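Right, one structure below, let's go through it.
Read-outs throughout are calculated quantities, based only on the coordinates presented, and are distinct from any laboratory measurement. Not measured: the values here are computed from a predicted model. When we count neighbours, we look across all protein chains shown, and the Cβ atoms used for this are built from the backbone with ideal geometry, even at glycine.
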Amino acid sequence: MPHFFISATHKSSGKTTLSIGLTAAFEQRGRRIQTFKKGPDYIDPLWLTLASGRSSRNLDFFTMSPDEIETEFATFMRGADLGIIEGNKGLFDGLDLDGSNSNAALAALLGSPVVLVIDARGMTRGIAPLILGYQAFNNKIQISGVILNKVGGSRHESKLRAVIEHYTDVPVVGAVHYSPSLVIDERHLGLMPSNETERAQQQIVALGEAVASQVDLHSILEISKYSAPPPSGLTGVVGGGKISRQVRIGYPRDRAFGFYYPGDLEKMERLGARLIPFDALTSPGLPAVDGLFIGGGFPETAMVQLEKNQRLRGEILNFVEHGGPVYAECGGLMYLSRSLSWHGRRCEMVGAIQADVIMHERPQGRGYVLLEETGDSPWPPLSGGHGRAIRAHEFHYSALTDLPPDTRFAYRVTRGTGIDGVHDGIVHKNLLASYTHLRDVGGNNWTTRFLTHVASCNS
């Protein structure tokens with residue numbers, strides 16, 4: 001199972017762009033690439049999925065056990081020629097002082113050789129102690145190569161290579177010169193999602209060509225051969241049972257809503273659900289469904305078009321008010337509110353949630369979340385009993401205003417922000433809407449609970 005872990009010395013070093021470019025470069029040469037992303041993320045996996053043609057998978061210590069991470073990795077590496085794991089933040093960054101959930105810890109768990117990306121702007125001789133320090137900090141991982149990124153030119157590259165060769169034993173496997181053409185547009189949550197731009201495939205091809213001309217792909221392949229064998233005794237994806245009846249689940253998948261974990265959608269289908277995608281911007285009406293799952297995304301960037309689609313908004317409101325089961329996360333919560341305001345403009349939304357949404361310049365909630373259920377959730381009880389903490393994540397620049405004081409909530413927030421710093425998960429009839437993003441891993445069987453609820457509402 002040849003693979004490597006691409007990490008960096010710090011955030012915004014360019015590891016995502018290089019991960020996309022490496023994936024595209026190897027794909028262009030006939031390799032079957034399976035990508036993974038460390039931590040909770042939707043945007044980077046969208047790009048990696050488009051570059052590889054295989055759904056990228058998230059590996060996350062906060063929501064998954066080490067055994068589950070190993071199983072997920074081994075399962076989706078089957079049939080691939082090469083695995084690429086993209087880290088988040090810096091190599092040694094993480095929640096805990098001991099680094100137990102860091103990128104380095106994931107590399108150690110999976111036996112992954114590390115290719116370290118270094119933003120080389122403004123650096124010459126100082127790059128040597130940086131590399132030496134990273135090597136010495138943790139002897140459980142192997143830094144097998146360095147890619148210099150955002151290099152200032154051929155003279156700058158020559159100096160950096162000479163310094164690294166003289167003072168360290170780490171090979172330089174690439175030097176990517178700075179170019180505006182290699183930059184993917186960013187916005188408040190990170191890279192612009194690939195589902196929002198028609199140029200995404202062209203950008204991926206260009207990144208693949210640029211990386212192939214400036215990175216030694218042969219050396220990368222040699223490094224990947226020194227990865228550890230897969231853990232023994234892994235059983236792969238568990239199929240699970242079936243819900244009592246097949247249900248049709250509609251979900252918007254367009255440039256406003258694209259944040260869905262592929263594993264969650266796959267589990268719904270294995271449980272017997274029929275998934276029906278639609279476009280919230282252009283669909284002439286709501287398709288015939290038994291339930292709705294409205295995921296996250298960037299509704300603020302498409303709020304004018306969402307407002308214009310009055311028929312769909314009206315049919316969704318009617319569905320909610322007549323007891324239709326709906327689950328919405330973050331962007332879906334925003335869409336179901338009365339209105340959405342951003343950059344001085346206000347647009348009408350669905351109106352199922354009696355509150356207004358305002359976008360802010362700074363994050364209103366970000367990072368990992370711990371939830372406790374209040375008992376007001378419309379879903380069946382959580383597996384493992386009431387009171388067990390739900391581990392999840394949030395990242396939102398918006399906040400709700402004018403929420404009625406008698407609003408019912410499904411969750412108490414013990415870590416994170418949620419809707420008001422104390423609660424999350426608005427409950428209205430058979431609607432559950434939250435800022436928190438759930439993922440069906442680590443015993444959090446939310447897809448089973450939701451589909452069981454949908455089935456009971458339609459029995």
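How many percent of Cα pairs in segment 30-75 exceed 17 Å? Before the final figure, lay out the partial values.
Values: 351 of 1035 pairs.
Roughly 34 percent, once rounded to a whole number.
Given bins 10 angstrom wide, list per bin the percent of all Cα-Cα distances in the chain, short to long.
4, 20, 29, 25, 15, 6, 1, 0
Peptides 297-306, 76-85: what's the order by average Cβ count within 10 Å, highest mean first?
On the way: 297-306: 22.2, 76-85: 19.3.
Per-residue Cβ counts within 10 Å, averaged per peptide and sorted highest first, yield 297-306, 76-85.
Tell me which trypsin sites (Lys or Arg not before Pro) from segment 329-391 have a DSSP coil assignment and no more than 16 other beta carbons within 10 Å of their own. Intermediate results must be reported in sequence, preceding the final value.
Details: sites: Arg338, Arg345, Arg346, Arg366, Arg388, Arg391; in loops: Arg388.
Filter output for segment 329-391: Arg388.
Summing -39500 (n - 2.57) over the DSSP H runs of n ≥ 4 in the chain and dividing by its residue number, what mean residue ellipticity at 222 nm do you reach, to the nearest 500 deg cm²/dmol? The partial results should precede the final answer.
Values: 13 runs with 137 residues, N = 459.
Taken over the chain, the calculation gives -9000 deg cm²/dmol.
If R0 is 45 Å, what FRET efficiency do you get for Phe92 and His343 from their C-beta distance, rounded to 0.05?
Details: r = 38 Å, r/R0 = 0.84.
So the FRET efficiency works out to roughly 0.75.
Against the longest alpha carbon principal axis of the chain, how many degrees, from 0 to 90 and to the nearest 10, is the axis of helix 127-137 turned?
Helix 127-137 and the main axis of the chain meet at about 70 degrees.
For a quick protection proxy, order the peptides 100-107, 421-428 by their average other-Cβ count within 10 Å, most packed first. Working shown, then result.
On the way: 100-107: 22.6, 421-428: 20.0.
The most tightly packed comes first, giving 100-107, 421-428.
Taking 0.36 nm per intervening residue step and subtracting the Cα-Cα distance, what contour gain separates His166 from Thr301 on full extension?
Details: separation 135, 0.36 × 135 = 48.60 nm, distance 4.99 nm.
Full-extension gain reported as 43.6 nm.
Given segment 21-124, report the % of alpha carbon pairs whose separation exceeds 24 Å.
Working: 1251 of 5356 pairs.
Of all Cα-Cα pairs in segment 21-124, 23 percent lie more than 24 Å apart.
Within segment 249-274, what residues put their amide N at less than 18 Å from the label point 7 Å along the Cα-to-Cβ vector of His322?
Residues passing the 18 Å test: 249-251.
Packing-wise, with mean Cβ within 10 Å as the measure, how do 307-320, 158-171 rank, highest first? Numbers along the way, then the final one.
Details: 307-320: 17.4, 158-171: 15.6.
Going from most to least packed, we get 307-320, 158-171.
Mean shadow of segment 383-424, computed from the convex hull of its alpha carbons, in nm²? Could you put the intermediate results ahead of the total?
On the way: hull surface 14.7 nm².
Taking a quarter of the hull surface, the average projection is 3.7 nm².
What aspartates and glutamates sit close enough to Lys150 to cross-link, taking a C-alpha to C-alpha distance under 13 Å and skipping anything fewer than 8 places away on the same chain?
Asp119
Hey, what D do you get for segment 67-219 in µm²/s if you plug the Kirkwood alpha-carbon radius into Stokes-Einstein at 4 °C and 1.567 mPa s?
Numbers: Rh = 17.5 Å.
It diffuses with D of about 74 µm²/s by this estimate.
Convert 25 °C to kelvin, take the viscosity as 0.890 mPa s, use the Kirkwood radius over C-alpha pairs of segment 88-144 as Rh, and evaluate the Stokes-Einstein diffusion coefficient in µm²/s, rounded to a whole number. Write out the running numbers ahead of the final one.
On the way: Rh = 12.1 Å.
Answer, rounded: 202 µm²/s.
Starting from the alpha-carbon convex hull of segment 304-372, give the projected area averaged over all orientations, in nm². The partial results should precede the final answer.
Numbers: hull surface 23.3 nm².
That works out to 5.8 nm².
Between helix 310-321 and the chain, what is the angle of the helix's C-alpha long axis to the longest principal axis, kept within 0 to 90° and rounded to the nearest 10?
The angle comes out near 70 degrees.
Could you work out the pair-distance distribution P(r) of segment 248-457 from its alpha-carbon pairs, with 10 angstrom bin width and percents rounded to whole numbers?
With 10 Å bins starting at 0, P(r) equals 9, 38, 39, 13, 1.
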